[in-house]
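Take a look at the structure below.
The values are calculated or read from the model by the stated rules, or taken from the named source; none is laboratory data. The model shown is predicted, which means the values in this text are computed figures rather than measured ones. Quick reminder, even Gly has a Cβ in these numbers, built from the backbone with ideal geometry, and neighbours come from all protein chains shown. Each accessible area value is taken on the protein alone, full model and side chains, heavy atoms only, with ligands, DNA and RNA left out. Shrake-Rupley method; radii C 1.70, N 1.55, O 1.52, S 1.80 Å.
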Amino acid sequence: MGSGVVGAATGEGFLKAGHDVTFVDINEVRVRELRDRGWDARTAIDLAGEPESLIFLTLPTPNDGHRYDLSAFTAGTAAVGRAIAGASAKHIVVVRSTVPPGTTEGLVKTTLEENSGMVANEGFGLASNPEFLRAVSAAEDFANPWMTIIASRDPRNVERLRAVLSPFGGELRTFTDPAEAEFIKCAHNIFNATKISFWNEMWLVAQKLGLDLDPIAATVARSAEGSINPEYGIRGGAPYGGVCLPKDTQGFLGFADTVGVDMPLLSAVVEVNDRLAAIVEHEVEQAAHAAAGDLREQSRATGERKSA
């Protein structure tokens, strides 16, 4: 469902692996293009008489300001729900589009159930399988994935998807909560955007100093533990500590100011960790007060026993 860059690359990959694939898109020009390639492409989904299938939602979810525009995604999901209502086989609906965490078991589940009259994971399966495709190499990325994520409350859906996707290779991880898979995809893209932004900010400072950032960045990519250790810094829930990180984030902010460069990303790094430090300090204080209260209670109880 949805045959743009992601949908076409996904369908083409399955075709080359020997699966039967139907492409669905409301754009008639797009459908004609796909048919010209010799593919089964249609403007509407019809599941009457179709065997048990996997239905991948690869519908557009563009941003509208600071939110996802899910109007096209919702309309396509509703169409799938209506098609499921007339189906004799049990199909599995797989959310592949990038969506906010909670969408699969929220909007998608509700929309499918309302339009099909069935219950998720009873009348039809429901799962998440976010894509990690780059626009310039989508077909190659699908055929040679470095990471595949599958999530569903029903282990039968997970195993069905595992059987179809594992032959493509790459690391495969499974989850029971679709929101985890959705969060992974969002965080994946945002992390990439943040890394790009970090080096763009550093480039501005390097320009002011007359330095070539390329060899500097290439060296840091090999020297910084955050670059070479995948586990570094991902625990979450506590600020950075030690001497170096607080000192250099604060100090470099001041240095950048002296050369006339504003660093909003680095400022945000400091702000986030200062906020976490305050939260952790508050939690520690609460725990200390609770422990002191427990000790006082134990001491009082011991005194009462001795008096008796």
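For residue 157, the stated conditions do not hold, so it cannot be described as more than 14 Å from residue 13 (Cα to Cα), surrounded by 15 or more Cβ atoms within 10 Å (Cβ to Cβ), among the polar types (S, T, N, Q) and touching a Lys or Arg at 6+ places or on another chain (Cβ under 7 Å). Pairing residues of region 11-22 that are more than 13 Å from residue 50 (Cβ to Cβ) with residues that are assigned to a helix (DSSP H, G or I) and of a type in the set (A, V, I, L, M, F, W, C), at Cβ distances under 6 Å and at least 6 apart in sequence or on separate chains, gives 12/139; 13/142; 13/143.
Looking only at residues of region 176-192 that are open to solvent by 50 Å² or more (accessible area, probe 1.4 Å) and under 17 Å from residue 133 (Cβ atoms), we find that the one that is nearest to the chain's Cα centre (by Cα) is 184.
Selection of strands (runs of 3 or more DSSP E) fully inside region 59-155 by the criterion of at least 1 residues being under 22 Å from residue 42 (Cβ atoms) and touching a residue at least 60 places away in the same chain (Cβ under 8 Å) returns 92-95. Checked against the criteria, residue 173 counts as among the charged types (D, E, K, R), surrounded by fewer than 18 Cβ atoms within 10 Å (Cβ to Cβ) and under 20 Å from residue 191 (Cα atoms).
Which one is surrounded by the fewest Cβ atoms within 10 Å (Cβ to Cβ), of the residues in region 115-128 that are under 26 Å from residue 63 (Cα atoms) and either within 26 Å of the chain's Cα centre (by Cα) or of a type in the set (Gly, Ala, Ser) (or both)? Reasoning before the result, please.
Just the residues of region 115-128 that are under 26 Å from residue 63 (Cα atoms), to begin with: 115, 126-128.
This time we only want the ones that are either within 26 Å of the chain's Cα centre (by Cα) or of a type in the set (Gly, Ala, Ser) (or both), so: 126-128.
On the way: 126: 23, 127: 26, 128: 31.
Restricting to residues being under 26 Å from residue 63 (Cα atoms) and either within 26 Å of the chain's Cα centre (by Cα) or of a type in the set (Gly, Ala, Ser) (or both), the top hit is 126.
Of all residues in region 129-154, those that are out of contact with any helix residue (DSSP H, G or I) (no Cβ under 9 Å at 6 or more places or on another chain) and surrounded by 15 or more Cβ atoms within 10 Å (Cβ to Cβ) total 1.
Among the residues of region 229-249, the ones that are surrounded by fewer than 13 Cβ atoms within 10 Å (Cβ to Cβ) and touching a helix residue (DSSP H, G or I) at 6+ places or on another chain (Cβ under 7 Å) come to 3 in all. Screening residue 18 with (1) under 19 Å from the mean Cα position of the chain (by Cα); (2) on the phi > 0 side of the Ramachandran plot gives one miss only, at (1). Mind listing whichever residues of region 80-104 are among the hydrophobic types (A, V, I, L, M, F, W, C) and crowded, with 19+ Cβ neighbours inside 10 Å? Within region 80-104, 80, 83, 84, 87, 92, 93, 94, 95, 99 meet the criteria. Checked against (1) closer than 19 Å to residue 207 by Cβ; (2) open to solvent by 40 Å² or more (accessible area, probe 1.4 Å), residue 225 meets all criteria but (1).
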